[in-house]
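Novice: Sharing a structure with you now.
Each value in this text was obtained by applying a stated rule to the coordinates, not by laboratory testing. Because the structure is a prediction, the values reported are computed rather than measured. Neighbour counts are summed over all protein chains in view; Cβ atoms, including those assigned to glycine, are modelled from backbone coordinates with ideal geometry.
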Amino acid sequence: METNRRTFLKSTAGLLALSGWTAAARDTFFSLPMGDINYLQQPLPFAYATLEPVIDAMTMEIHYTKHAAGYTKNLQDACLAEKVDKANTSLTALLARISNYSEKMRNNAGGHYNHELFWQTLRAPQDAASNKPSGVLAAAIDKKFGSFTAFKEQFSEVAKSRFGSGWAWLLVGQEGLLQLGSTPNQDNPLMDTSSLKGFPLLGLDVWEHAYYLRYQNRRVDYISSWWQLVNWPVVEQRYLQTIR
Ligand code: MN
């Protein structure tokens, strides 16, 4: 772990200075353990049917084995073509200087990272009223947004309003505070090219491929049902990493 961390620091030192991050954000970034999301597609942490009826098994299977697997494969191809030293460059560090790479790298590094995170933050449907964060994250959400209900409304609005394909995010922004926002396509807040910058805690895929079979054009219904699936303990762990 220590060796990894030193290698990580060495390989990314100086690069973040180019990415427009504040000193506080850099400190946060450097304190994160590397390897939470790497270059490989991990096994799905649940069965395809686990998210039924909110997300149907066929959508889940196509999403994981076709869409997400495609991003991962194309990321490998881009890394080979653009000579990325994956052993010494964390995926997070690659994203932080994505402006140095091709459009293919940007789309697929983002697509891979975003989906790996997305699966981690999902679980079998919970009782809608009681599925909420606890502890310091719950307190931070109340402080920032007024209440969990108000937070959900604002996040849902952001997700609904993202024109076309993209992601809605709860993130820790550069000032170390919780923030909401969205990114187009497969961009994410770790990218130096993104106007929304920070450490993503929770992302919602609002590409039609994520919901079309069950919800067709009804993105709003998909969003409101998705709250039952949020794996808050995972989101809380990510938040804790940023405030150590
Ligand atoms: Mn997707």
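Novice: Once the dipole of segment 117-244 is set up with Lys and Arg at +1 and Asp and Glu at -1 on Cβ about the Cα centre, which of Thr149, Leu180, Phe163 lies farthest towards its positive end?
Specialist: Checking the options against the dipole of segment 117-244, the answer is Thr149.
Novice: Taking Cα pairs under 8 Å and at least six residues apart, what relative contact order does segment 142-189 come out at, in percent?
Specialist: Once normalised by length, the contact order is 32 percent.
Novice: Next up: Relative contact order (percent) for the chain, with alpha-carbon contacts under 8 angstrom and 6 or more residues of separation?
Specialist: 25
Novice: Given axes a ≥ b ≥ c from the Cα gyration tensor, I'd like to know whether segment 51-166 is rounded (a/c under 1.5), prolate (a/b larger than b/c) or oblate.
Specialist: Since a/c reaches 1.5 and a/b is larger than b/c, the shape of segment 51-166 is classed as prolate.
Novice: Go ahead and estimate [θ] at 222 nm for the chain from helices alone: -39,500 (n - 2.57) per DSSP H run with n ≥ 4, summed, over the residue count, rounded to 500.
Specialist: Details: 11 runs with 112 residues, N = 244.
When only DSSP H runs of four or more count, the value is -13500 deg cm²/dmol.
Novice: A further question on this structure: Please return the longest range in the chain lying between exposed loop sites, taking GluC sites (Glu not before Pro), DSSP loop only, at most 13 other beta-carbon atoms within 10 Å, and leaving the sites out. Intermediate values should be presented prior to the final figure.
Specialist: Numbers: sites that count: Glu82, Glu175.
Result, exposed sites excluded: 83-174.
Novice: A further question follows. When a/c is below 1.5 the answer is rounded, else prolate if a/b is larger than b/c, else oblate, so apply that to segment 135-197 with a ≥ b ≥ c taken from the square roots of the Cα gyration tensor eigenvalues.
Specialist: It is oblate, given that a/c is not under 1.5 and a/b is not larger than b/c.
Novice: Under a cut-off of 20 Å between alpha-carbon atoms, report the aspartates and glutamates in cross-link reach of Lys104, not counting same-chain residues fewer than 8 places apart.
Specialist: Asp77, Glu82, Asp85, Glu116, Asp187, Asp192, Asp205
Novice: Can you find, among Val206, Leu240, Ser130, the residue sitting farthest towards the positive end of the charge dipole of the chain, where Lys and Arg contribute +1 and Asp and Glu -1 at Cβ?
Specialist: Going by the Cα projections, it comes out as Leu240.
Novice: Less than 13 Å Cβ to Cβ from Trp232, Lys/Arg counted +1 and Asp/Glu -1: what total charge do the surrounding residues give?
Specialist: Values: positive: Arg123, Lys132, Lys152, Arg238; negative: Asp127, Glu236.
After counting each charged neighbour, the total is +2.
Novice: Classify the chain: rounded, prolate or oblate, from the alpha-carbon gyration tensor (a ≥ b ≥ c, eigenvalue square roots; a/c under 1.5 rounded; otherwise prolate if a/b is larger than b/c)?
Specialist: Note, shape of the chain comes out oblate.
Novice: Let me ask you something else. Counting Lys and Arg as +1 and Asp and Glu as -1, each charge on the Cβ, what is the dipole of the chain about the Cα centre in debye, to the nearest 20?
Specialist: With Lys and Arg at +1 and Asp and Glu at -1, about 380 debye.
Novice: For segment 69-123, just list the percent of Cα-Cα distances falling in each 10 Å bin from zero outward, please.
Specialist: Distribution as computed: 25, 57, 16, 2 percent.
Novice: Under 16 Å Cα-Cα from Lys132, which lysines qualify once same-chain neighbours fewer than 8 residues away are excluded?
Specialist: Filter leaves Lys143, Lys144, Lys152.
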